[in-house]
Amino acid sequence: MIRTAIYTSPKPTVDPGAYPVDAWNYQRGLYTEYWQHFDGSWLDDEVSTDVLEYPLQLNPFNLACMLHAGFLTGEVPDGSDPLIEINVEPWGQDSTDEERSAASKMQDFLTRVWIENNGRSVQQEAAIVTQVLGGIIFGVSYEEALKSKGRLPIRIDFVLPEYFFPVPQPTRYWELLEAFVCFELSSLQARSMFGIDTDIDPSVYQEHYSQDMYDITVNGNTVMWRDTMQSGTPPGGFVPYTYIPHIRAGDFYGISLLDRKLGLAKEINSRMADVGDIVSENAKQLPAIGNCRQPSVRTLSEGISLLDLGNQYPGVPEGPWIKYPASVQANSATVSWTADLLNTARTEAYTPPVCYGIDEGSQRSALTLALRMIPLIVHIRQERSHWSSGLAQVAKQVLTLAAINGAGDFSLDDVHNCRVWTDWAPILPRDRETEVNEVLMQTQANLLSPQSAIARLGTIDDIKTEMNLIKEWMEYTAETEAKGMMAQQDPFKGAGAGGTLGGLKKPEVPQPSTSKEKE
């Protein structure tokens, strides 16, 4: 969708004055500011025609957002699986085999749903957007037609915050009382998606959900989708959208990483440009010449140009001279101020210099570098706490819709009696040898199953197939070792009074004699 949808507001049909329109408009203004900060459109400001106010075009917080997104998802192996692993397990240590089996089926179901909805790419984009706009939204829906494409009939949609207008429960922000999703459609999109021929371009698409009703309209008219009128009672009795904040503190909406940092970004550009102007002025200074006549420029055979000051004026005691005016000096305080501003920007973004590969030119241990990352690690853990709660709620909604519609081999009771949690990848890169040794020690001490060990190392995608191959290899090696041991057995093993060869004498090896025989 084009970003002009940010200017489209929902139009409640019942008691419009009861909705927090002022809060929606204020938040919408912040989203506009954050997007302009992130994409660098503020760098196009001009002081006059074709004269940029910030000619360096430096956007210091753009990379910080990218780094935060990468650290949020962590050191995930390459592949097609979602960046964030969702696990399902029954409550309690005394769970039955049937409960564990149902949990395993639900976990496989969730993984497949995420993969079929481009989970890896969607989660990557969401990780970036949450840094910029302060939060992201996932929506879930049941779509029977997906079965004909060989897919599970559950959709997970990633919704940009500027299209989302929530009404949260005032004391429990994770529970939405109502929500609107509103954006613009071109006439071509309206016709292709809903079969609507309209002269209104752009058209306004709107979803309105509450806990007991929903209505999807285009230009105020309820639409048909897959031969079904899009209005009625939402399955499951919940608003099928989940808002996950970036960092939440006393308000429903999350705090953007870019909040109140545009001024610092502009100051960095201005001061670095000042230092650049000083360098440019010194490089372009023209010399002054005096007491000379007929000066000229001569070119040597090598192509080098020289200034010939010519002859001295008669009666002038001082001969021809050439002088450069005193240069404008950039003192150490001026230069260091720009460096201080950059360090301040990194501090404000929770990204120490080591995040950018700056280690002050010294050899330091991995632990020392990790300690220097403490501001970022603390911040990422705060982000992950919100994402863990949000993704667990999304998972419960997916499983609930599947159970209600019979799309999974589990019941609604199974969904209610399970625990959903996220298994995050390490925030920082880990030493591979140390990680492998740790997994081996836990496995040998029977503190970790082989399946979990393979999953933790992250080198195998199909763990079940790999376990079957390991079993076949172990059986082959055991059989080979058994044959080797049989080949090495003593043919007289078991001889002796109590053995199977009891009563038989083992032939003795003749021994040479060194004594003379008697005549």
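For the range 454-485, the set of residues classified as under 29 Å from the mean Cα position of the chain (by Cα) and modelled with pLDDT under 85 consists of Ile454, Ala455, Arg456, Leu457, Gly458, Thr459, Ile460, Asp461, Asp462, Ile463, Lys464, listed by residue number.
Can you find, within the range 216-249, the residue that is surrounded by the fewest Cβ atoms within 10 Å (Cβ to Cβ) among those that are closer than 25 Å to Tyr31 by Cα and over 30 Å from the mean Cα position of the chain (by Cα)? For the range 216-249, the residue satisfying everything is Asn219.
Every condition in (1) part of a loop (DSSP other than H, G, I, E, B); (2) within 30 Å of Asp39 (Cβ to Cβ) holds for Asp94 except the one numbered (2). Restricting the range 434-480 to residues that are at negative phi and in contact (Cβ under 8 Å) with a residue 60 or more places away in the chain, the residue that is surrounded by the most Cβ atoms within 10 Å (Cβ to Cβ) is Asp461. Only a single criterion out of (1) within 29 Å of Thr130 (Cα to Cα); (2) in contact with a helix residue (DSSP H, G or I) (Cβ under 8 Å, 6 or more places away or on another chain) is not satisfied by Leu391, namely (2). For the range 250-306, the set of residues classified as surrounded by 15 or more Cβ atoms within 10 Å (Cβ to Cβ) and basic (Lys, Arg) consists of Lys261, Lys266, Arg271, listed by residue number. Note on the range 226-251: residues that are at pLDDT 95 or above, assigned to a strand (DSSP E or B) and of a type outside the set (S, T, N, Q) amount to 4. Would you check if Asp308 is charged (D, E, K, R) and without any contact (Cβ under 8 Å) to a residue 40 or more places away in the chain? Taking the combined requirement at face value, the residue satisfies it.
Considering only residues that are surrounded by 16 or more Cβ atoms within 10 Å (Cβ to Cβ), over 15 Å from Leu391 (Cα atoms) and not β-branched (Val, Ile, Thr), which ones fall in the range 71-88? Phe71, Gly74, Asp81, listed by residue number. Taking the criterion of being touching a strand residue (DSSP E or B) at 6+ places or on another chain (Cβ under 8 Å) and hydrophobic (A, V, I, L, M, F, W, C), the residues of the range 106-142 that qualify are Met106, Leu110, Val113, Trp114, Val122, Ala126, Val129, Ile136, Ile137, Phe138, Val140.
Residue-wise test of (1) part of a strand (DSSP E or B); (2) among the hydroxyl-bearing types (Ser, Thr, Tyr); (3) within 14 Å of the chain's Cα centre (by Cα).
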site	(1), (2), (3)
Gln27	no, no, no
Tyr31	no, yes, no
Tyr54	no, yes, no
Leu58	no, no, no
Cys65	no, no, yes
Leu83	no, no, yes
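So in the range 254-283, with the set limited to residues that are touching a His at 6+ places or on another chain (Cβ under 9 Å) and not in a helix (DSSP H, G or I), which one is nearest to Gly135 (Cα to Cα)? Looking at the filtered set, the residue picked out is Gly254.
Checked against the criterion of being assigned by TED's automatic domain parsing to the domain that holds Gly232, in contact with an Asp or Glu (Cβ under 9 Å, 6 or more places away or on another chain) and assigned to a helix (DSSP H, G or I), the candidates Arg100, Arg155, Arg112, Arg151 yield just one match: Arg100.
Within the range 26-74, the set of residues being β-branched (Val, Ile, Thr) and modelled with pLDDT of 90 or more comprises Thr32, Thr73. Summed over the range 337-359, residues that are in a helix (DSSP H, G or I), among the aromatic types (Phe, Trp, Tyr) and under 24 Å from the mean Cα position of the chain (by Cα) total 1.
So that you can scan it fast, the table gives a plain yes or no per residue for (1) free of Cβ contacts under 8 Å to residues at least 24 places away in the same chain; (2) polar (S, T, N, Q); (3) over 17 Å from Ala339 (Cα atoms); (4) touching a strand residue (DSSP E or B) at 6+ places or on another chain (Cβ under 9 Å):
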position	(1), (2), (3), (4)
Gly254	no, no, yes, yes
Asp259	no, no, yes, no
Leu264	no, no, no, no
Ile268	no, no, no, no
Arg271	no, no, no, no
Asp274	no, no, no, no
Ser280	yes, yes, yes, no
Leu286	yes, no, yes, no
Ile289	no, no, yes, yes
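The residue that is surrounded by the most Cβ atoms within 10 Å (Cβ to Cβ), counting only those in the range 175-215 that are small (Gly, Ala, Ser) and within 18 Å of Thr242 (Cβ to Cβ), is Ala179.
The values are calculated or read from the model by the stated rules, or taken from the named source; none is laboratory data. A quick note: this is a predicted structure, and the numbers were derived from the prediction, not measured. For neighbour counting, all protein chains shown are included, and Cβ atoms are generated from backbone atoms with ideal geometry for every residue, glycine included.
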